[in-house]
Amino acid sequence: MYLNNTSSSFLPPTLKNAFHQRNKKHSPLCSAFFFLLLHRAAFSLSNKLSEMSVMDQDSGMFKVQQTIGSVLCCKCGVPMPPNAANMCVNCLRSEVDITEGLQKSIQIFYCPECGCYLQPPKTWIKAQWESKELLTFCIKRLKNLNKVKLKNAEFVWTEPHSKRIKVKITVQAEVLNGAVLEQSYPVEYTVRDNLCESCSRFQANPDQWVASVQLRQHVSHRRTFFYLEQLILRHDAASRAIRIQQVDQGIDFFFGNKSHANSFVEFLRKVVPIEYRQDQQLVSHDVKSSLYNYKYTYSVKICPVCREDLICLPSKVASGLGNLGPLVVCTKVSDNITLLDPRTLRCAYLDARQYWRSGFRSALTSRQLVKYLVFDVQAPVGEATVGGQKYALSYVDIARESDIGQLFTVQTHLGHILKPGDQALGYDIYGANVNDDEMEKYRLRVKNGLPEAILIKKCYDEQRERKKGKPRAFTTKKLPMEMDESRGGRVDPEKMENEYEEFLRDLEENPELRFNISLYKNKDYQESETASMTDGEGAPTVPIEELLAELELSEEEEDDNEEDMDE
């Protein structure tokens, strides 16, 4: 085979000169072989130059196209992306097990009475089945998990009665020559029933408590405790109490641990103004180990000032509040006490520390409210909003229901809701026998004398009489309280029922009062379409939108759910 000069016309000048010199010295066969080598080199060089000459139109810079190559596994020869160990994933797992030395099974203890799990050495953690808290607890029980990197953890479904909990753990670690390997493995937890210390003590003797909280309020009604009961249920504050007992003027809470009683007292400090005292009594003493066993008692006293009470402030307290009142009405009791002057619409707030420093009491309470008839309401002369509640200052003509012939013209903060023909509840200062020193001092200082009456709220007795005997649209939950039989049954059931009815009426009338509590739908309630047409303006009620639906499963529904799970 002979190649002339025209055959090499496509070569570059450098390769073309080399080809001519080679062609003069050697035979045509050798020249052809040499030509093929030069042709292949020129072709690869031209491809590389064409790739490098591609311009990125967006950035204006050279763009070199890169391709990811593949290598063969050093053990099985399967093509794979290159890594530091030069082995595929299957061969790498056969050579190295990153889960070696990690726990695959572990035993945990569960208290069936309170639903808590033991966190060694003595801590009991409450967690629901397959909850986030239980998953965290299970992972913390694993040893040597810090040798690898935890990537994921999830529950594997098991029968609840099997006493087994399975968790799928995914870990990651560096193996041969820095290669990273990720592997999943199951962990089985065996659940053993074991009563916690407080439950075992309660099983042996229900009266064997460690700390008790004696909650008291020295007033003639229990409306504060009804409201406080709903707050406790809403926040689940008494879930660790082993027993709750109702006594005269208060409630006793018994706990199996001192820290639980401390947490409950701290909760009370955030919702009502209280002061408390802690006492302890020595139960036993171990001389050899110097261990002391005490019983702790917290005596908690709630502020005796309640909502809708009339107060005559001491002169020092009134001057400290900017010469407020001194005749004021308590409109709200939470961690602060809200006081409103019904004749000027000025308000002030007292915290627990400020109140217990002065310690004043109510001049007239809600037990002394008198019903008035409203004959005339003048246009409001002022408006104010206190704590989300709107008030309007007006002059009204009223008369006692028992003495309609005598009219009074008084100022009131209820000008926005009263109209002629309404009924209102207020304090009869004109004819009341007030046993309060501050009130007597104020009566002597005032030149024009005290007002004849101070109205507190609008009365809806006539509207409620039309719906008497009908169920309400809402219900409330109650704490599992026991009655104190050792004290002769001083709690009157009929009186408590009447006071609870007044509490429910307060919830209907005051939206702010039911803001922090949970109300549930009443299954027995059926809304009547004709009632709203015939009653006209009725008593206030709780809107259906504010009610919660309580979840209750019947035995038939539970059986159906079990059958579906079996299928």
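The values are calculated or read from the model by the stated rules, or taken from the named source; none is laboratory data. All of these numbers come straight from a predicted model, not from anything done at the bench. FYI the Cβ positions are ideal-geometry reconstructions off the backbone, even for glycines, and counts take in every protein chain you see. Just the protein is used for accessible areas: all its heavy atoms, side chains included, with ligands, DNA and RNA removed. Shrake-Rupley method; radii C 1.70, N 1.55, O 1.52, S 1.80 Å.
Of note:
- Nearest-20 debye value, region 127-255 charge dipole, Cβ charges on Lys, Arg, Asp, Glu: 240
- Close amide H partners of L364, meaning residues 5 or more places away or on another chain with modelled amide H under 5 Å apart, are L310.
- Nearest-0.05 FRET efficiency for V78 and K104, computed from C-beta distance (R0 35 Å): 0.70
- Positive dipole terminus of region 298-386, leading residue within V377, S362, V329 (C-beta point charges): S362
- When the solvent-accessible area of region 136-256 is split by element, carbon and sulfur atoms take up 44 percent of it, the probe being 1.4 Å.
- Sorting the segments 211-220, 114-123 by their mean number of nearby beta carbons within 10 angstrom, highest to lowest, gives 211-220, 114-123.
- Solvent-accessible heavy-atom area per residue, rounded to whole Å², over region 203-342 at 1.4 Å: 43
- Taking one quarter of the surface of the convex hull spanned by the alpha-carbon atoms of region 128-193 gives a direction-averaged projected area of 4.9 nm².
- For region 326-483, the carbon plus sulfur part of the accessible surface works out to 46%, probe radius 1.4 Å.
- Computed across region 82-234, the Kirkwood radius stands at 19.6 Å (inverse of mean 1/r, all Cα pairs).
- Rolling a 1.4 Å probe over the heavy atoms of the protein chains gives region 361-404 an accessible area of 51 Å² per residue.
- Per-residue 3J(HN,Hα) values for region 168-180, derived from phi via the Karplus relation 6.51 cos²θ - 1.76 cosθ + 1.60 with θ = phi - 60°, read 8, 9, 10, 10, 9, 8, 8, 10, 4, 6, x, 6, 9 Hz in sequence order (x marks Gly and Pro).
- 1.4 Å probe accessible area per residue over region 147-193, in Å²: 59
- Ligands, DNA and RNA left out, the accessible area of region 71-134 computed with a 1.4 Å probe is 54% carbon and sulfur.
- Computed with a 1.4 Å probe over protein heavy atoms only, the accessible area of W209 comes to about 50 Å².
- Estimated inter-spin distance, R443 and S162, nm [label 7 Å along Cα→Cβ]: 8.0
- Converting phi to 3J(HN,Hα) with the Karplus coefficients 6.51, -1.76 and 1.60 and the offset θ = phi - 60°, region 135-151 yields 5, 5, 4, 5, 5, 5, 6, 7, 9, 6, 6, 6, 6, 10, 9, 6, 9 Hz in sequence order, with x at every glycine or proline.
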